[in-house]
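**Student:** Quick one: the structure is below, and I'll ask about it shortly.
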Amino acid sequence: TCSFNIIFLVLLGISAGQECGVGSQCRTLAGVTTCNNCPGGTVCIQETTLSDLYCQYTFCLPQGMFCEGHVGTCCSGMECGLATADAAMKTCNVLSNTATTTAAATTTPAIIIVTEATTTPTATTAASAPCLTEGGAKIGLPCVFPFTNKGVTYTSCTTSGGFDKPWCSTATDMFGKHVLGNWGECNAACQTEQDTTTAAPAACTTTSGADAGKRCVFPFTHKGVLHTACTYAGGFSKPWCSTRVDYWGRHVKGTWGDCDTGNCKVEALWG
């Protein structure tokens with residue numbers, strides 16, 4: 001029995017040292033902490049008075065938003081379920097006419113932290129649309145602002161990294177730093193800033209190569225080497241640059257061009 005208790009306490013300590021995610025159990029009903037720091041935009045709270053506590057969104061979930069796994073409560077007049085027979089995941093959907101009369105009885109026990117849903121349902125569901133992700137690694141989640149990525153702090157969606165579509169972080173740590181893998185492409189309701197952090201000056205473009213006429217993206221990493229200017233790396237006779245990088249700043253194969261040396265900075269050649 002003593003050995004069992006020691007093992008249980010060790011496992012509990014390991015669990016409590018982990019970072020929470022959206023929908024994670026953050027504390028048991030008995031008050032035992034099971035993970036640390038709910039992500040931005042969420043709070044550790046019960047679904048019902050007799051349930052454990054989970055990291056749930058601080059707002060009611062709007063129509064079409066993912067709602068499985070203890071992430072939060074759908075707004076007034078909606079329920080969590082499959083929108084169509086072939087839907088892959090449950091989302092918040094408007095109640096059918098037959099269920100409208102009993103909506104209050106079904107949803108009221110679950111509404112714990114969002115008072116707006118009961119007092120001003122029109123304002124909650126019809127207000128300006130929330131800034132959510134509609135593509136990328138995490139879909140249907142609210143963007144977390146501000147977030148810091150690679151030393152740069154963002155207060156709106158960004159195309160940093162050479163991305164075609166603006167993206168945002170959906171989870172940050174206790175220091176406001178972006179948690180790797182928790183990102184998504186922003187929807188039309190999000191504000192997008194002009195990207196000035198990773199793109200080279202507009203005048204620095206490619207004149208030839210695989211991706212001619214495109215803007216160079218700096219810095220970029222190629223074969224483990226970080227480049228902040230056009231380079232001859234690889235034995236090329238003309239300096240070249242990357243025109244697109246992935247999420248980690250690595251050069252995307254096939255997206256390169258010869259630099260306009262009249263306007264682009266070029267790394268020095270050594271020996």
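**Student:** State which residue is surrounded by the most Cβ atoms within 10 Å (Cβ to Cβ) when the search covers only segment 228-250 and only residues that are modelled with pLDDT under 90 and in a strand (DSSP E or B).
**Tutor:** If we take residues in segment 228-250 being modelled with pLDDT under 90 and in a strand (DSSP E or B), then VAL245 is surrounded by the most Cβ atoms within 10 Å (Cβ to Cβ).
**Student:** Still on this structure, I have one more. Would you pick out the residues in segment 141-157 that are surrounded by fewer than 21 Cβ atoms within 10 Å (Cβ to Cβ) and out of contact with any His (no Cβ under 9 Å at 6 or more places or on another chain)?
**Tutor:** Within segment 141-157, PHE145, PRO146, GLY151, VAL152, THR153, THR155, SER156 qualify.
**Student:** Something else: Here's a check for you: in segment 47-76, which residue that is surrounded by 17 or more Cβ atoms within 10 Å (Cβ to Cβ) and polar (S, T, N, Q) is nearest to MET89 (Cα to Cα)?
**Tutor:** Ranking the candidates gives THR73 first.
**Student:** Something else: Out of all the residues in segment 27-54, which are assigned to a strand (DSSP E or B) and more than 20 Å from CYS75 (Cβ to Cβ)?
**Tutor:** Filtering segment 27-54 down to residues assigned to a strand (DSSP E or B) leaves 27, 33, 36, 42-46, 53-54.
Correct list: ARG27, THR33, ASN36, CYS44, LEU53.
**Student:** Looking for whichever is at pLDDT below 90, more than 25 Å from PHE145 (Cα to Cα) and either open to solvent by 40 Å² or more (accessible area, probe 1.4 Å) or not in a loop (DSSP other than H, G, I, E, B) (or both) here; the options are THR206, THR221. Which one fits? Walk me through it before giving the result.
**Tutor:** Working: THR206 fails: at pLDDT below 90.
The conditions single out THR221.
**Student:** Something else now. Restricting attention to segment 164-182, which residues are closer than 18 Å to ARG215 by Cβ and open to solvent by 40 Å² or more (accessible area, probe 1.4 Å)?
**Tutor:** Correct list: ASP164, LYS165.
**Student:** If you don't mind, another one. Quick check, is VAL114 at pLDDT 80 or above and either open to solvent by less than 60 Å² (accessible area, probe 1.4 Å) or touching a Cys at 6+ places or on another chain (Cβ under 7 Å) (or both)? Let's see the steps before the verdict.
**Tutor:** Details: at pLDDT 80 or above: no; either open to solvent by less than 60 Å² (accessible area, probe 1.4 Å) or touching a Cys at 6+ places or on another chain (Cβ under 7 Å) (or both): yes.
For VAL114, the condition - at pLDDT 80 or above and either open to solvent by less than 60 Å² (accessible area, probe 1.4 Å) or touching a Cys at 6+ places or on another chain (Cβ under 7 Å) (or both) - is not met.
**Student:** Then there is this: Any residue in segment 19-34 that's free of Cβ contacts under 8 Å to residues at least 40 places away in the same chain: show its pairings with residues that are open to solvent by 50 Å² or more (accessible area, probe 1.4 Å) and charged (D, E, K, R) at Cβ separation under 7 Å, as long as the two are six or more apart or on different chains.
**Tutor:** The qualifying pairs are THR33/ARG27; THR34/ARG27.
**Student:** Among the residues of segment 251-271, write down those that are open to solvent by 30 Å² or more (accessible area, probe 1.4 Å) and in contact with a strand residue (DSSP E or B) (Cβ under 7 Å, 6 or more places away or on another chain). So that I can check it myself, show each step before the final result.
**Tutor:** Of all residues in segment 251-271, those open to solvent by 30 Å² or more (accessible area, probe 1.4 Å) come to 251-254, 256, 260-263, 265-271.
Answer for segment 251-271, where residues must be open to solvent by 30 Å² or more (accessible area, probe 1.4 Å) and in contact with a strand residue (DSSP E or B) (Cβ under 7 Å, 6 or more places away or on another chain): HIS251, VAL252, TRP256, ASP260, LYS265, VAL266, GLU267.
**Student:** Can you pull out the residues in segment 55-94 that are in a loop (DSSP other than H, G, I, E, B), acidic (Asp, Glu) and more than 19 Å from CYS44 (Cβ to Cβ)? Let's see the steps before the verdict.
**Tutor:** Quick first cut of segment 55-94, residues in a loop (DSSP other than H, G, I, E, B) only: 58-60, 62-65, 67-73, 75-77, 82-90.
Okay, now just the ones that are also acidic (Asp, Glu), so 68, 86.
Result: ASP86, single match.
**Student:** Sticking with this structure for a sec: Here are ASN187, ASN149: which of them is at pLDDT below 90 and under 18 Å from the mean Cα position of the chain (by Cα)? If you could, list the steps in order and put the result at the bottom.
**Tutor:** Numbers: ASN187 fails: at pLDDT below 90.
So the residue among ASN187, ASN149 that is at pLDDT below 90 and under 18 Å from the mean Cα position of the chain (by Cα) is ASN149.
**Student:** Given the conditions (1) open to solvent by 30 Å² or more (accessible area, probe 1.4 Å); (2) assigned to a loop (DSSP other than H, G, I, E, B); (3) in contact (Cβ under 8 Å) with a residue 40 or more places away in the chain; (4) within 30 Å of CYS20 (Cβ to Cβ), and given that GLU185 satisfies all but one, which numbered condition is not satisfied?
**Tutor:** The one condition GLU185 does not meet is (2).
The values are calculated or read from the model by the stated rules, or taken from the named source; none is laboratory data. Because the structure is predicted, anything quoted here is derived from the model rather than measured. Note that each Cβ is placed from the backbone with ideal geometry, even for glycine, and that neighbours are counted across all protein chains shown. These accessible areas exclude ligands, DNA and RNA; they are computed on the full protein's heavy atoms, side chains included. Shrake-Rupley method; radii C 1.70, N 1.55, O 1.52, S 1.80 Å.
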